[in-house]
Structures are given as C-alpha cells and as structure tokens.
C-alpha cells in the first residue's frame, strides 16, 4: 500500500495501478486501484492533479481482469479508441482467462510481475 501511495503522489499513476495487483487476490489493493482509475475518469484527481504517464505502457503488466475492464471503460469514456483496443487485447489474451487453472494464472502473474519490477527498477534507476 505504501508503494502505491508513493507512486500516486509522484504522479506515476500507471505504476500505482500495476502495483495494486501485488496484494492478495481480491484484496483491498484491487479496490484501491479501481478507486484510482475512477478518480481519473471523474476528474476528481484533485489531490494529485498532475500525472506523468499516459497509461500506455502498463497494459503488458496487467493480469487482473477488474483493473483491465476499468481501464477499458476509462478509455471509452475518454474517447480513445486505440488505447481501449489495447486494453481489450489484454483482456482477450488466453493466459489471463479466468477459466484457466490456478497454475497457469499463477505463472502468468509471476511472469508479468517480474517483468514489471524489472521495468520499474530500470525506470527509477535511469
């Protein structure tokens, strides 16, 4: 939760949303991520009015369907067809399908989490 709030206060909203997936399944962090996305939609991002990312590069790191659907709806609301299509492609990927076995979902989560942490550390250190 602390890293999510730090990223959010730095204006790294995309990274904060991805970090929300790192908590226990269906936990409070997913709710926090959905609240962050809702604040972007409603223009209620008064506490953090400046964001320094455009949510473009985070799609490959997402595995939670609730967050992907919320981001798709956000892009629909913003009339951004290309970004909406990007998030829809992520939802349609076989490895994030909710009908998969727990092992496949866990492998997907581990792979995307390690890729994100590598990306995030490169971003912070450079």
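The values are calculated or read from the model by the stated rules, or taken from the named source; none is laboratory data. Since the model is a prediction, treat every value here as computed from it, not as a measurement. Glycine also receives a Cβ, built like all others from the backbone with ideal geometry; neighbour counts cover every protein chain displayed.
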| query | Residues in region 97-125 that are modelled with pLDDT under 90 and under 19 Å from residue 19 (Cβ atoms): how many? | reply | 3
| Any idea which of (1) surrounded by fewer than 13 Cβ atoms within 10 Å (Cβ to Cβ); (2) in a helix (DSSP H, G or I); (3) in contact (Cβ under 8 Å) with a residue 12 or more places away in the chain is the one residue 98 doesn't satisfy? | (2)
| Members of region 12-48 found to be over 24 Å from residue 96 (Cβ atoms) and at pLDDT below 85, listed by number | 42, 43, 44, 45, 46, 47, 48
| task | Would you please list the contacts, defined by Cβ atoms under 7 Å and residues six or more apart or on different chains, that run from a residue in region 68-86 that is loosely packed, with under 15 Cβ neighbours inside 10 Å to a residue that is in a helix (DSSP H, G or I) and modelled with pLDDT under 85? | result | 77/41
| note | For region 34-59, pairs from a residue that is at positive phi to a residue that is crowded, with 16+ Cβ neighbours inside 10 Å and at pLDDT 50 or above, with Cβ under 6 Å and 6 or more apart or across chains, are 55/14
